[in-house]
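Undergrad: Here's a structure for you.
The values are calculated or read from the model by the stated rules, or taken from the named source; none is laboratory data. Since we're looking at a predicted model, the values are computed, not measured. Please note: Cβ atoms are built from the backbone with ideal geometry, for glycine as well, and neighbour counts cover all protein chains shown. To get the accessible areas, we keep the full protein, side chains included, count just its heavy atoms, and leave off ligands, DNA and RNA. Shrake-Rupley method; radii C 1.70, N 1.55, O 1.52, S 1.80 Å.
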Amino acid sequence: MSLQFDIASTTEHGGRRAQLTLPHGVVQTPVFMPVGTAATVKAVPQDVLEKLNAEIILANTYHLYLRPGHELIRRAGGVHRFMSWQRPMLTDSGGFQVFSLAKLRKITDDGVEFRSHLDGSKHFFSPEHSMEVQIALGADIMMVFDECVETPASWERTKESMALTHAWAARSKKYWEAHRHEVPWASEFAGQHQALFGIVQGGMYADLRRESAACLVEMDFPGYAIGGLAVGEPREVTLEMIALTLEHLPKDKPRYVMGVGYPDEIEEYAKMGVDMMDCVLPTRAGRHGLLFTREDPNNRTSPVVRMNIKKQEFAEDHGPIDAGCGCMVCARYSRAYLRHLFASGEPLGATLNSIHNLAFYLETMERVRTQLANVPR
Ligand SMILES: [Zn+2]
């Protein structure tokens, strides 16, 4: 068994309170997964992530493949051991970064040739190679290699890209089935292996989303992601695409929306039946001095407010970022101090801001899980 998904309760709107069991531990869902691009959640040490109760984090295949290299990580025993994080992890396929970061891409049916955004060196990713890299990294959950269509894209272009994504999903699965025993921790976790998720594409077209979901469900994955969203489309469109795709995915398997979103969005999606989400926003915003707070600190369901810590008005404000937040930053440091750190370019500023924002996201999901568990059946 490499993945077990136990649903405790489901609301009339489809939101589910569940538990996901993976080789490296148990994850309470719906869950928000902090993004650790280069095997680090930027500026936040692993022991702090544990204290924040982060149960699963992401790492990016494209970045780790380029630096330090997946073979180095394989020799280290896999990404968990390399970064000293013994809780569950997920790696993306590298597809999204190849299409968004890398230069001079050449796409064929076989795969993608690209140049590194770091040094211009030439590389080739195919579904098989993405699987090989992800098996070497050894995250508990890995993703099929997909093409991410540019936005906006025509229906024809999206359909063509989707067909390639489906062919690549089948090839990813075939390679994974033949090689899954090669994961670096195979002997440590006898009989267990990684779980491979399919990715539904189809752009902003309802008929293509339906077709993509049906095709992937036919291939039978232990979990499904909804990809290609939050790429600049209006929020109502993201919501509509998620809602209609969820209808076509199996109810007994985990469903993951990639790359979303703001705190109020992740709450909304979780209540619709999305089990997993990830986003760089809490840490990226934190490094830019943007902090998430509640309009009424004593009411954790009041609207989310984005505080810009750079503002002069906080120069002598000796209160916490958010008086209702239980995080270690709000318990100890003032707005004035955080503003000073940010204004002086002190690295501690990025760390403390990121910790608060992650705590805000994780606390939001904790509250949503409690709500979903307490619905009358
Ligand atoms: Zn806080």
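Undergrad: Hey, what did region 239-364 get for relative contact order, percent, Cα under 8 Å, at least 6 apart?
TA: Reported as a whole number, the value is 23 percent.
Undergrad: Mean shadow of region 264-343, computed from the convex hull of its alpha carbons, in nm²?
TA: Averaging across all directions leaves 5.7 nm² for the Cα convex hull.
Undergrad: What number does region 181-268 give for Rg over Rh if you use C-alpha atoms and the Kirkwood radius?
TA: We get a ratio of 1.07 for region 181-268.
Undergrad: Let me ask another. Can you grab the distance from the C-alpha centre of region 262-301 to the C-alpha centre of region 63-98, Å, no decimals?
TA: 26
Undergrad: Using just the helices of the chain, give the 222 nm mean residue ellipticity in deg cm²/dmol: DSSP H runs with n ≥ 4 each add -39,500 (n - 2.57), and the total is spread over all residues, rounded to 500.
TA: Mean residue ellipticity at 222 nm (helix-derived): -11500 deg cm²/dmol.
Undergrad: Kindly rank 70-78, 24-32, 367-375 from highest to lowest mean number of other beta carbons found within 10 Å of each residue.
TA: Ranked by mean Cβ neighbours within 10 Å, highest first: 24-32, 70-78, 367-375.
Undergrad: Another question, then. About the Cα centre of region 167-209, how large is the charge dipole given +1 on each Lys and Arg Cβ and -1 on each Asp and Glu Cβ? Please answer in debye to the nearest 20.
TA: 160
Undergrad: For the chain, compute Rh as the Kirkwood radius over C-alpha pairs and then the Stokes-Einstein diffusion coefficient at 37 °C and 0.692 mPa s; write the answer in µm²/s, rounded to an integer.
TA: This corresponds to a translational diffusion coefficient of 154 µm²/s.
Undergrad: Keeping every protein chain present and rolling a 1.4 Å probe, give me the accessible area per residue for region 291-377 in Å².
TA: Result: 50 Å² per residue.
Undergrad: Please get the size of the charge dipole for the chain, origin at its Cα centre, with Cβ charges of +1 on Lys and Arg and -1 on Asp and Glu, quoted in debye to the nearest 20.
TA: Charge dipole of the chain: 720 debye, to the nearest 20.
Undergrad: Provide the per-residue ³J(HN,Hα) series for region 309-322, in order, calculated from phi with Karplus coefficients 6.51, -1.76, 1.60 and θ = phi - 60°, each as a whole number of Hz, with x at glycine and proline positions.
TA: So the J values, rounded to whole Hz, are 5, 5, 4, 3, 4, 9, 4, 10, 8, 9, x, x, 4, 9.
Undergrad: Here's a follow-up. Please build a GNM for the chain, connecting alpha carbons under 10 Å apart, and tell me which residue among E363, E218, E55 fluctuates the most.
TA: Maximum fluctuation in the GNM of the chain, among the listed residues, is at E218.
Undergrad: Identify, among I199, A225, A178, the residue whose Cα sits farthest towards the positive end of the charge dipole of region 166-260, taking +1 on the Cβ of Lys and Arg and -1 on the Cβ of Asp and Glu, with the dipole about the Cα centre.
TA: A178
Undergrad: Tell me, what is the percent relative contact order of region 31-123, built from C-alpha pairs under 8 Å that lie six or more residues apart?
TA: 23
Undergrad: Could you give the dipole magnitude of region 233-377 about its Cα centre, charging the beta-carbon of Lys and Arg +1 and that of Asp and Glu -1, in debye to the nearest 20?
TA: Dipole of region 233-377, to the nearest 20 debye: 320 debye.
Undergrad: Next question. If you take the charge dipole of the chain about its Cα centre, with +1 on Lys and Arg Cβ and -1 on Asp and Glu Cβ, which of A350, L291, L246 is farthest toward its positive end?
TA: A350
Undergrad: Taking the highest mean first, how do the peptides 198-211, 112-125 order by number of other beta carbon atoms within 10 angstrom per residue?
TA: 198-211, 112-125
Undergrad: Please state the relative contact order of the chain as a whole percent: Cα pairs under 8 Å, 6+ residues apart?
TA: It rounds to 17 percent for the chain.
Undergrad: I would also like to ask the following. Might you list the cysteines of the chain that have no disulfide-compatible partner by the rule of another cysteine's Cβ under 4.7 Å?
TA: Cys with no partner Cβ under 4.7 Å: C148, C215, C279, C327.
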